[in-house]
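Enquirer: Quick one: the structure is below, questions incoming.
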Amino acid sequence: MTETCHKIIMGLHNFLKEYIHGFWDYETPKVMVVKNRTLGVIYRSVQFLVITYFIWYVFISQKAYQESETRPESSVYTLMKGSAIHGDEILDTVEYARPSEGGDVISTILRREFTFNQRQDTCAEHFNVADANCTTDSDCVEGEVNFNGHGRRTGRCVQYYNHTFKTCEIQTWCPIEEYAVVREPPLEEAINFTVFIRNSIHFPKFKVLRGNIKDARNKRDIKRYLNKCHYDEESDPYCPIFRLGYIAAQARENFSELCNTGGVIGVFINWKCNLDLDPSHCKPTYSFRRLDLRKDLPDAGYYYRFAKYYSKDGEETRTLIKAYGIRLDIIVHGHAGKFSPIPTIISTVTAMTSVGICTIICDWIMLTFIDKNEVYSERKFDEVIKEPTNPIPTELSYINSFGSNHSDLSDGVPL
């Protein structure tokens with residue numbers, strides 16, 4: 001046991017001694033020319049890939065020489081315009097636009113379902129509500145509230161309106177929506193409604209403020225332009241007026257289906273500004289995508305309910321309206337960049353350093369896979385313990401006599 005401990009201690013002592021002595025050694029790279037066509041092709045190919053990556057992707061595509069800002073300040077104002085004849089009614093923005101004041105979210109009603117003349121009373125619960133079907137009063141618990149239902153149960157089992165079966169009676173707004181709803185046809189004319197989207201964006205780091213409306217000499221010219229333009233990516237990129245039909249088409253949605261089920265569409269305003277150019281080149285691009293669940297799922301679509309209250313025969317009465325429509329969510333992204341020496345220096349140094357990967361890869365290939373790797377290893381790594389007083393004739397000194405300062409493995413080493 002004592003002898004084993006002694007060997008461990010001595011081994012640890014020798015290891016620490018060699019480590020401490022080796023810690024003060026100095027390593028310097030040795031230049032060695034290997035005239036091997038395969039290795040040369042690999043070396044130049046890797047060099048080409050690394051340099052191409054930094055020039056094309058890092059500097060040209062990603063503009064790594066620029067200082068960037070990705071969190072700009074932005075404001076959005078929206079306004080819906082249009083009118084439609086729906087039966088005997090003339091619908092304007094007050095009827096179908098929500099909210100009327102505009103913002104980064106705006107919706108338009110495309111189809112409505114009405115439940116007229118609802119009053120606070122007692123009536124039969126809908127038969128699809130859990131435990132609503134009954135045969136006797138004992139099946140209904142007085143005061144119980146089913147939160148998936150319509151109201152509070154009275155404890156009575158009553159006939160479901162003019163049907164033969166019975167359900168529990170509830171206290172609520174009667175008649176209930178599922179029984180008395182009246183559905184109107186969709187508002188197909190809304191395909192030509194327009195939405196005005198005004199967006200301004202500020203990059204505080206660069207003190208640049210831009211808007212998505214075409215610059216003009218005075219307000220009269222701007223108003224005249226906006227009264228007759230519609231957005232087009234090529235001809236009118238500065239016109240912020242979009243037809244609902246155009247938005248639905250760009251989001252790859254069928255407008256007739258949206259009228260029936262409703263939907264949420266995202267309007268993405270993307271600002272990608274190269275401030276090395278004139279700020280007038282900083283203009284937005286638009287993209288559109290549906291944000292809610294797919295239309296073939298049960299909870300897909302967009303709708304909401306509201307009521308209009310009035311007094312009838314001295315009793316408070318309401319008309320419940322379930323509205324299906326398109327909701328537009330305006331989402332703004334901004335990115336601006338401008339030349340700065342600091343990121344330029346960092347990216348350049350990174351590129352120059354990365355070129356060293358080529359040497360590491362080729363050294364590994366040379367010492368691992370190519371024939372005569374033991375010869376390469378001997379020539380690659382030298383250990384100088386003490387500088388000799390008299391010059392020793394080596395290949396390096398022989399090459400130096402001909403004016404070269406590196407070893408050439410093509411002499412005497414078959415490749």
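Enquirer: Determine the principal axes of the Cα atoms in the range 126-175, then give the extent along each, sorted from largest to smallest and rounded to whole angstroms.
Expert: That gives 25, 23, 16 Å along the principal axes, largest extent first.
Enquirer: Now a separate question. Considering only protein heavy atoms, what is the solvent-accessible area of His6 at a probe of 1.4 Å, reported in Å² to the nearest 10?
Expert: Accessible area of His6: about 110 Å².
Enquirer: Please work out how much accessible surface Arg379 shows to a 1.4 Å probe, ignoring ligands, DNA and RNA, in Å² rounded to 10.
Expert: Surface open to solvent at Arg379 totals about 70 Å².
Enquirer: What does the accessible area of Met10 come to, in Å² to the nearest 10, when a probe of 1.4 Å is used?
Expert: 80
Enquirer: Is it possible to state the helix-based mean residue ellipticity at 222 nm for the chain, with each DSSP H run of 4+ residues giving -39500 (n - 2.57), the sum divided by total residues, to the nearest 500 deg cm²/dmol? What is it?
Expert: Mean residue ellipticity at 222 nm (helix-derived): -8000 deg cm²/dmol.
Enquirer: Next up: Percent relative contact order of the chain, based on C-alpha pairs within less than 8 angstrom and at least six residues apart?
Expert: 21
Enquirer: What residue among Asn36, Asn254, Asn274 shows peak mean-square fluctuation when the chain is described by a Gaussian network model with Cα springs under 10 Å?
Expert: For the chain, modelled as a Gaussian network with Cα springs under 10 Å, the answer is Asn36.
Enquirer: Something else about it: State in Å² the accessible area per residue of the range 13-124; use a 1.4 Å probe, count heavy atoms of protein chains only, and round to the nearest integer.
Expert: About 69 Å² of surface per residue is accessible.
Enquirer: Here is a follow-up. Skipping prolines and chain starts, which residues have an amide H placed within reach, meaning under 5 Å, of the one on Ser200, given they are 5 or more residues away or on another chain?
Expert: Residues meeting the criterion, in which the H sits 1.01 Å from N, are Ser75.
Enquirer: Here's another thing I want to ask about it. Tally Lys and Arg at +1 and Asp and Glu at -1 over the other residues with C-beta under 11 Å from the C-beta of Arg152: what net charge comes out?
Expert: -3
Enquirer: Which of the residue pairs Lys223/Lys338; Lys207/Lys283; Lys223/Lys322; Lys63/Lys219; Lys63/Lys207 have a Cα-Cα distance greater than 26 Å in the structure shown? All intermediate terms of the calculation are to be shown ahead of the outcome.
Expert: Working: Lys223/Lys338 33 Å; Lys207/Lys283 16 Å; Lys223/Lys322 36 Å; Lys63/Lys219 37 Å; Lys63/Lys207 20 Å.
Cα-Cα > 26 Å for Lys223/Lys338; Lys223/Lys322; Lys63/Lys219; rest within.
Enquirer: If a/c stays under 1.5 just call it rounded; otherwise compare a/b with b/c (prolate if a/b is bigger, oblate if not). Do that for the range 261-345, with a ≥ b ≥ c from the square roots of the Cα gyration tensor eigenvalues.
Expert: prolate
Enquirer: Which of the GluC sites (Glu not before Pro) across the range 203-284 are loop residues per DSSP, with 16 or fewer other Cβ within 10 Å? Don't skip to the answer; put the middle values down first.
Expert: On the way: sites: Glu233, Glu234, Glu253, Glu257; in loops: Glu233, Glu234, Glu253.
Sparse-neighbourhood loop GluC sites (Glu not before Pro): Glu233, Glu234.
Enquirer: Go ahead and set up a Gaussian network model of the chain, Cα springs under 10 Å, then flag whichever of Gly301, Gly102, Gly143 fluctuates most.
Expert: Looking only at Gly301, Gly102, Gly143, the biggest GNM fluctuation is shown by Gly143.
Enquirer: Can you find, among Asn117, Val105, His335, the residue sitting farthest towards the positive end of the charge dipole of the chain, where Lys and Arg contribute +1 and Asp and Glu -1 at Cβ?
Expert: Of the candidates, His335 comes out farthest on the positive side.
Enquirer: Sorted from largest down, give the three principal axis spans of the alpha carbons of the chain, whole angstrom values.
Expert: 125, 83, 38
Enquirer: Same structure again: Quickly rank 200-211, 309-320 as a protection proxy: mean count of other C-beta atoms within 10 Å, highest first.
Expert: Top to bottom by mean Cβ count within 10 Å: 200-211, 309-320.
Enquirer: From Cα pairs below 8 angstrom and at least 6 apart in sequence, can you work out the relative contact order of the range 44-162, rounded to a whole percent?
Expert: Relative contact order, the range 44-162: 13 percent.
Enquirer: To continue, here is another question. Modelling each spin label as a point 7 Å along the Cα-to-Cβ direction, I'd like the Asn270/Arg44 distance in nm, to one decimal.
Expert: With each label point 7 Å from Cα toward Cβ, the separation is 3.9 nm.
The values are calculated or read from the model by the stated rules, or taken from the named source; none is laboratory data. If you're wondering where the values come from, they're calculated on a predicted model, not measured in any experiment. Methodologically, a virtual Cβ is constructed for each residue, glycine included, from the backbone with ideal geometry; neighbour enumeration extends over all protein chains shown. Note: accessible area is taken over every heavy atom of the protein model, side chains too, but ligands, DNA and RNA are not part of it. Shrake-Rupley method; radii C 1.70, N 1.55, O 1.52, S 1.80 Å.
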